[in-house]
Amino acid sequence: MLRVDNIRKKLITQRRELFREVAKTEEDLRWLQSDIESEVEERGQEETMVRLLDRLDGRAKAEIEAIDRALFKLGSEQYGRCEQCGMAIPQSRLEAVPATAMCMACEQAEETQAALRK
């Protein structure tokens with residue numbers, strides 16, 4: 001059985017670590033110490049998040065987006081299903097890479113296609 005609480009904690013920890021990489025001011029650091037798992041409600045918090053997102057490189061932005069998608073899907077039947085083929089992603093893969101959106105076969109096929117395009 002999938003351990004949703006463990007997966008959620010891993011995703012939130014990964015998200016915080018990515019934001020910590022670019023936190024520059026004390027305000028940013030205070031915001032990161034707050035509970036960013038919940039919805040951003042105040043305009044000031046939203047502006048802080050936008051400022052931090054602007055500092056992230058493309059790789060980190062993609063990781064944050066994948067984490068956010070996984071957190072959104074976590075409470076539904078969508079989490080743990082490959083976005084390409086629709087098959088269940090093995091629990092061991094989800095625990096190792098909780099933000100993954102694809103099974104190994106589809107991810108490898110996508111990487112092969114990307115390499116061929118280069």
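Summed over region 78-118, the residues that are within 15 Å of ASP5 (Cα to Cα) and in a loop (DSSP other than H, G, I, E, B) give a count of 5.
Among the numbered conditions (1) within 20 Å of ILE7 (Cα to Cα); (2) modelled with pLDDT under 90; (3) within 13 Å of the chain's Cα centre (by Cα); (4) loosely packed, with under 13 Cβ neighbours inside 10 Å, the only one that PHE72 does not meet is (2). Would you check if there is a residue in region 76-97 being of a type in the set (Lys, Arg) and modelled with pLDDT of 90 or more? Yes: one or more hits.
The values are calculated or read from the model by the stated rules, or taken from the named source; none is laboratory data. As the structure is a prediction and not an experimental result, all values here were calculated from the model. For neighbour counting, all protein chains shown are included, and Cβ atoms are generated from backbone atoms with ideal geometry for every residue, glycine included.
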